[in-house]
Every structure is written in C-alpha cells, then in structure tokens.
Amino acid sequence: MKQITLALVAIASIAVGIWFGLQNQPQPHKQDPYARIGGDFTLQSAKGPVSLHDFKGKVVALYFGYTRCPDVCITSLSKMAQALKSMTNKERAQIQPVFISIDPERDTPAIASEYAGYFYPGAIGLSGTLEEVTKVAKRYLVIFQKVKLEGSAMDYSMDHSSIIYVIGRDGKISALVHHADSAEALVKYLRGALAAKG
C-alpha cells in the first residue's frame with residue numbers, strides 16, 4: 001500500500017509539472033487557464049454511445065478512475081455524491097456526474113455504469129477500448145498506468161491521477177477539484193459553473 005501511495009504521489013508530481021509547463025507557454029485565451037485541456041469525446045455507456053456534447057447546457061462533474069480502486073476513487077466519488085446531495089433539487093437537475101474507467105480491460109460499459117450509479121443515482125459510467133480511453137485521458141492530462149500485483153487475486157491495480165473536472169455548460173473546463181479538496185470546495189465550483197454564462 002505504501003508503494004502504491006508513493007507511486008500516486010509521483011504521478012501527481014508529474015501531472016503538476018506538465019500543468020505548469022503548459023501554463024508557461026503562450027495561451028490562446030489568457031482568461032481561460034484550461035483552454036489547452038479537455039474537449040469533446042465519445043465513449044460507451046451501458047445504454048450506448050455517450051458524448052460530452054450530449055450534456056451541452058448542463059454542468060458536468062467528470063472523474064477518471066476504475067471500479068476495483070481500493071481507496072482513491074471511492075473517496076473522490078463519495079465526495080462528488082456528498083457535494084451533489086448538499087445542493088438543491090434545481091441545481092442537481094442541471095449537473096451531470098460522469099465516471100470514465102481507465103481500466104477498460106476489466107470495466108465494461110455496464111460495469112462502469114453500475115459502479116457510477118452506486119455512488120449517485122443518475123451518474124453515468126463510461127468505458128471503451130484502451131485506445132479510446134487513452135485518447136480521452138490524454139486530452140484531460142490524466143495519467144494512469146497498470147501496476148502488476150504479484151501473488152494477488154486482483155492481478156494488477158491502476159495508478160492514476162485523481163481530479164474532478166468541473167465542465168461548464170459550454171463544454172469547457174471551468175475548474176479542477178483535486179483529491180485533497182473538500183466536498184464544500186466542489187460545491188463552490190459547481191455553483192460557479194452553474195452561474196456562469198455559456
């Protein structure tokens with residue numbers, strides 16, 4: 001467990017380095033710090049293909065993880081559920097939680113959908129081929145890798161960065177909520193996205 005935690009810290013450090021590297025480059029829109037990351041995608045849900053643009057006009061809370069994650073994903077998705085449950089019915093109706101599995105080898109669209117719904121009814125779980133998922137992950141600067149577990153029934157785990165992406169009504173990222181951030185912080189960013197024009 002300690003080795004996995006250290007690996008996660010290392011991955012987070014790499015992600016931060018990449019992020020600051022991007023920030024030091026000329027930005028096409030100076031008022032949009034996330035202009036270089038994110039974007040539309042299409043993956044598979046239990047009911048068929050789902051694209052980010054399907055939710056245009058809504059705010060999306062997006063998280064990348066995997067269903068056999070022992071702690072990090074559970075913490076983040078529980079935080080998302082806690083944040084949504086503390087908001088009003090009117091606010092919740094305008095927010096779509098989305099979970100993307102970075103372990104498509106084990107997480108079919110049906111499994112990802114069931115897992116997402118366990119944390120919050122109405123949450124959508126998505127998967128696809130490894131190539132499809134990797135392509136989307138790269139757009140969002142999500143870093144993940146398979147880690148072999150010798151002598152374990154799980155066979156392998158997935159080390160990955162842990163961020164909730166708050167995506168505005170226009171399909172653009174409005175905030176990044178990091179693993180250490182609270183549910184209250186997520187509520188603040190979700191409400192900010194709901195209030196923004198777009």
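The values are calculated or read from the model by the stated rules, or taken from the named source; none is laboratory data. Being a predicted model, the structure only gives us computed values, none of them experimental. Methodologically, a virtual Cβ is constructed for each residue, glycine included, from the backbone with ideal geometry; neighbour enumeration extends over all protein chains shown. Just so you know, the surface numbers come from the protein's heavy atoms only, side chains and all, with ligands and any DNA or RNA stripped out. Shrake-Rupley method; radii C 1.70, N 1.55, O 1.52, S 1.80 Å.
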Amide hydrogen neighbours beyond the local backbone of A175, cut-off 5 Å, H modeled: V166
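Please state, rounded to one decimal and in Å, the Kirkwood hydrodynamic radius that the stretch 41-103 gives when every pair of distinct Cα atoms enters the mean of 1/r. Don't skip to the end; give the middle numbers.
Working: mean 1/r = 0.0776 Å⁻¹.
The answer is 12.9 Å.
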Residue-by-residue Karplus 3J(HN,Hα) for the stretch 68-75, coefficients 6.51, -1.76, 1.60, Hz, glycine and proline x: 9, 5, x, 8, 4, 5, 4, 4
Dipole moment magnitude, nearest 20 debye, the stretch 61-175 about Cα centre, only Lys, Arg, Asp, Glu C-beta charged: 500 debye
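Got a sec? What order do E132, E91 fall in by accessible area at 1.4 Å, biggest, i.e. largest, first? Please list the in-between numbers first.
Numbers: E132 80, E91 35 Å².
These residues rank, largest area first, as E132, E91.
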Backbone HN-Hα couplings from phi across the stretch 147-154 [Karplus 6.51/-1.76/1.60, Hz, Gly and Pro as x]: 10, 5, 10, 5, x, 9, 5, 6
Under-5 Å amide H pairs with L141, H placed in peptide plane, nonlocal only: G38
Placed amide H near Y156: partners under 5 Å, 5+ positions off or other chain: L149
Using θ = phi - 60° and Karplus 6.51 cos²θ - 1.76 cosθ + 1.60, couplings along the stretch 108-115 (whole Hz; Gly, Pro as x): 6, x, 5, 5, 4, 5, 4, 5
Separation in nanometres of the label points that stand 7 Å from Cα toward Cβ, at Q94 and I74: 3.4 nm
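Express the carbon and sulfur contribution to the solvent-accessible surface of the stretch 79-169 as a percent, rounded to the nearest whole number, probe 1.4 angstrom.
Values: 2330 of 4180 Å².
After summing per-atom areas, the C and S share lands at 56 percent.
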